[in-house]
Amino acid sequence: RCDGHPATPGTLLVANHASWLDIPVLTAATGCALVSKAELAGHPLMRWFADQNDTLYVDRADRRSIHAQAAALIEALRGDKPIALFPEGTVGDGVRLLPFKPSLLSAVAPPPEGTVIRPAAIDYGHFARKIGWGTGEAGVANFLRVMGRKGRIAVTVHLLPALPPSPDRKELARSAHDAIAAALAPSGVAPARV
């Protein structure tokens with residue numbers, strides 16, 4: 001289920017990240033392309049799937065290409081679909097919202113003209129603990145565990161109101177984190193401090 005106004009081209013969706021399942025859920029709910037870590041590009045099958053949806057790869061460790069990567073994100077925001085990123089930078093356990101990395105919002109602080117930044121809370125409700133991909137669990141094991149569950153998994157994507165434009169990436173990260181934490185609070189997801 002998806003609530004909130006639909007995301008439009010020129011929108012950067014900033015979403016929480018509890019599971020690999022967030023990717024198909026968010027793309028199905030919004031039609032967005034994703035920003036992904038560059039390591040994914042090294043897995044031929046995963047890259048093929050990601051490329052089908054115009055995934056933008058960023059290498060956070062390559063400080064020399066940070067300007068080129070920011071320019072690529074801005075160019076993608078001028079495209080025909082919303083763009084989404086997960087500023088936690090990794091998946092969580094499903095019951096705790098991790099801190100957001102402000103550096104991932106550098107390209108949109110301040111947002112380029114015509115760009116809107118919207119938090120998106122992916123809410124698995126009471127399934128969150130079962131969906132989360134905590135530390136120490138291998139990817140294949142998590143995939144098999146999640147896909148091996150019987151029954152349906154209810155999920156709601158809350159498309160929240162746009163954030164006020166800001167030249168401060170830390171302020172953007174904090175505002176997005178607070179909005180997502182508030183949307184997930186009824187499901188028992190505890191926010192981390194930003």
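The values are calculated or read from the model by the stated rules, or taken from the named source; none is laboratory data. Just so it is clear, the model here is predicted, and its values are computed rather than measured. Surface accessibility is based on the protein's heavy atoms, side chains included, excluding ligands, DNA and RNA. Shrake-Rupley method; radii C 1.70, N 1.55, O 1.52, S 1.80 Å.
Residues in the chain average 53 Å² of solvent-accessible surface per residue, probe 1.4 Å, ligands and nucleic acids excluded.
When Y57, Y124 are compared by accessible surface with a 1.4 Å probe, the order from highest to lowest is Y57, Y124. With 0.36 nm allotted per residue and the present C-alpha distance subtracted, the A28-D59 stretch has 8.6 nm of extension available.
For a 29 Å ceiling on Cα separation, which of these pairs sit above it: K37/K81; K81/K170; K81/K101; K81/K150?
On the way: K37/K81 19 Å; K81/K170 26 Å; K81/K101 24 Å; K81/K150 34 Å.
The pairs that break the limit, which is 29 Å between Cα atoms, are K81/K150.
Here the average projected area of the convex hull drawn through the C-alpha atoms of the range 112-194 stands at 7.2 nm².
Just round it to a whole percent: the fraction of Cα-Cα distances in the chain exceeding 30 Å. Summing the P(r) tail past 30 Å for the chain gives 14 percent.
Measuring with a 1.4 angstrom probe and ignoring ligands and nucleic acids, K81 comes out at about 40 Å² accessible.
Report relative contact order for the chain in percent, whole number only (criteria: Cα-Cα under 8 Å, sequence separation at least 6). Don't jump to the answer; show the numbers that get you there.
Details: 351 pairs, mean separation 61.3, N = 194.
Answer for the chain is 32 percent.
Compactness of the range 61-147 is given as radius of gyration and Dmax, 16.0, 43 Å, from Cα positions.
Of I23, I131, which has the most accessible area with a 1.4 Å probe, and how do the rest follow in descending order? All intermediate terms of the calculation are to be shown ahead of the outcome.
Numbers: I23 70, I131 0 Å².
Of I23, I131, the descending order of accessible area is I23, I131.
Can you tell me the length gained on complete extension of the stretch D178 to M147, counting 0.36 nm per residue apart and subtracting the Cα distance? Numbers along the way, then the final one.
Numbers: separation 31, 0.36 × 31 = 11.16 nm, distance 3.07 nm.
Using 0.36 nm per residue and subtracting the Cα-Cα distance, I get 8.1 nm.
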